[in-house]
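S.K.: Take this structure, written in structure tokens, and hold onto it; I'll ask about it next.
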Amino acid sequence: MFTGIIEQLGRVTHAAQHHGHLSLRIAPSQMWPDLALGESIACSGTCLTVTDWDSDSFGVDLSRETLAKTAPHWAAGQPLNLERAMSAGSRFGGHIVSGHVDGVGEVLEVREEPGAYTMRLRAPGSLARYLTPKGSVTVDGVSLTLVDVGGPAGSRPDWPAHEFTLWLVPHTLQVTTLHTWQAGTQVNLEADQIAKYVERLLAVREAGSRAELSV
């Protein structure tokens, strides 16, 4: 489990295909001295398992499923947002993040505003129901607040329901890879966990009610 508060930046130093999956070497800005075999690290929003490490980098493997469902961040030289799994005693500064990517979005527009940057993104249509103004979304592993959201019950009903904006302060751009975004950039999106659990609960309850009525 993660919080969406990025600890440091990293970079893919090596990528190699092995029997249908991809093996990566990732070098953090400053190597952690206490990594453990099998621990989880969110790499630009994707929960990956540490397979080995040395003084400068650590290894992870990405399955074909992971490669098919995530943004193309995995070539040598690519910068990554890194966050280790949260500990029980740490501050919870973001929101509940699993590191399981729900879909790949696209940056539509980046605009500089006084003291901030405005970014407009498009999510897959299936995620539109989880997007709400002032709600939470994880973008490339970063916990962010939705500002304008399109569609019914959104703040911009003239936009499609799967489009939204983010306002980013200079600090966020400095400590994450978000400063590299431009129109056309693909990003990993994870919807709010609570919204997904509530949807599932209601769907199962409704299905159960229909089954009882049909008996």
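S.K.: Checking Thr132 against (1) β-branched (Val, Ile, Thr); (2) part of a loop (DSSP other than H, G, I, E, B); (3) closer than 23 Å to Cys43 by Cβ, which test does it fail?
M.R.: Status for Thr132: all satisfied but (3).
S.K.: Consider only pairs whose beta carbons are under 8 Å apart and that are at least six residues apart or on different chains; among these, list those whose first residue lies in segment 42-62 and is within 13 Å of Val12 (Cα to Cα) and whose second residue is acidic (Asp, Glu).
M.R.: Filtered contacts from segment 42-62: Ser44/Asp140; Phe58/Asp52; Gly59/Asp52.
S.K.: Shifting gears a bit: Exactly one of these conditions fails for Thr118: (1) among the polar types (S, T, N, Q); (2) over 26 Å from Ala203 (Cα atoms); (3) touching a residue at least 60 places away in the same chain (Cβ under 8 Å). Give me its number.
M.R.: Here Thr118 clears every test but (3).
S.K.: Do any residues in segment 69-94 that are touching a residue at least 60 places away in the same chain (Cβ under 8 Å) and over 16 Å from Glu39 (Cβ atoms) have Cβ atoms under 6 Å from those of residues that are of a type in the set (Lys, Arg) and not in a loop (DSSP other than H, G, I, E, B), where the two are at least six apart or on different chains, and which pairs are they?
M.R.: Pro79/Arg11
S.K.: Might you let me know whether segment 98-108 holds any residue that is modelled with pLDDT of 95 or more, within 20 Å of Arg200 (Cβ to Cβ), assigned to a strand (DSSP E or B) and not polar (S, T, N, Q)?
M.R.: Looking through segment 98-108, at least one residue is modelled with pLDDT of 95 or more, within 20 Å of Arg200 (Cβ to Cβ), assigned to a strand (DSSP E or B) and not polar (S, T, N, Q).
S.K.: Considering only residues of segment 109-127 that are in a loop (DSSP other than H, G, I, E, B) and at pLDDT 95 or above, which is surrounded by the fewest Cβ atoms within 10 Å (Cβ to Cβ)?
M.R.: Pro124
S.K.: Here's a follow-up. If you scan segment 38-52, which residues turn out to be outside any strand (DSSP E or B) and over 19 Å from Met86 (Cβ atoms)?
M.R.: Thr51
S.K.: Out of the residues in segment 8-31 that are part of a loop (DSSP other than H, G, I, E, B) and at pLDDT below 95, which is nearest to Asn188 (Cα to Cα)?
M.R.: Gly20
S.K.: What do you reckon, is Ile5 out of contact with any Lys or Arg (no Cβ under 7 Å at 6 or more places or on another chain) and surrounded by 11 or more Cβ atoms within 10 Å (Cβ to Cβ)?
M.R.: Here the answer is yes, as Ile5 does meet what is asked.
S.K.: Before we move on, is Thr46 closer than 19 Å to Gly99 by Cβ, within 14 Å of the chain's Cα centre (by Cα) and either modelled with pLDDT of 95 or more or of a type in the set (Ser, Thr, Tyr) (or both)?
M.R.: Criteria met by Thr46.
S.K.: What number of residues within segment 1-24 are in contact with a strand residue (DSSP E or B) (Cβ under 7 Å, 6 or more places away or on another chain) and more than 21 Å from Val101 (Cβ to Cβ)?
M.R.: Of the residues in segment 1-24, 3 are in contact with a strand residue (DSSP E or B) (Cβ under 7 Å, 6 or more places away or on another chain) and more than 21 Å from Val101 (Cβ to Cβ).
The values are calculated or read from the model by the stated rules, or taken from the named source; none is laboratory data. The model shown is predicted, which means the values in this text are computed figures rather than measured ones. Using ideal geometry, Cβ is built from the backbone for each residue, glycine included, and neighbour counts are taken over all protein chains shown.
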